[in-house]
């Protein structure tokens, strides 16, 4: 897992991209407190608020968060049913 910082609220989580479709996020108390997303349930931040999702995608594109399964991501031209069954 590698640290990723949200560009909106500054929350720092640990993230891992096992594949293009799977992202694991480990929150700590400080990150939960900093998260500005209002989609929290009983004080626990949702796994990926939209701003954090963007930060993780940016980290992948910039190369600071590798995708462990290096199979190419599905393209937008593929049919959704084919893209999910790789």
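Throughout, read-outs are computed from the coordinates displayed, never taken from laboratory work. Predicted, not measured: the structure shown is a model, and the values here were computed from it. Glycine gets a Cβ as well: all are built from the backbone with ideal geometry, and neighbour counts include every protein chain shown.
Sorted from fewest to most neighbouring beta carbons within 10 Å, what does the list 34, 1 look like?
Least crowded to most crowded, the residues run 1, 34.
If you rank 65, 36, 48 by fewest surrounding Cβ atoms within 10 Å, what's the result?
By the 10 Å Cβ count, ascending, the order reads 36, 48, 65.
Report the extension gain between residue 70 and residue 37 in nm, rounded to one decimal, defined as 0.36 nm multiplied by the number of residues separating them, less their alpha carbon distance.
Separation in residues times 0.36 nm, less the Cα-Cα distance, equals 8.8 nm.
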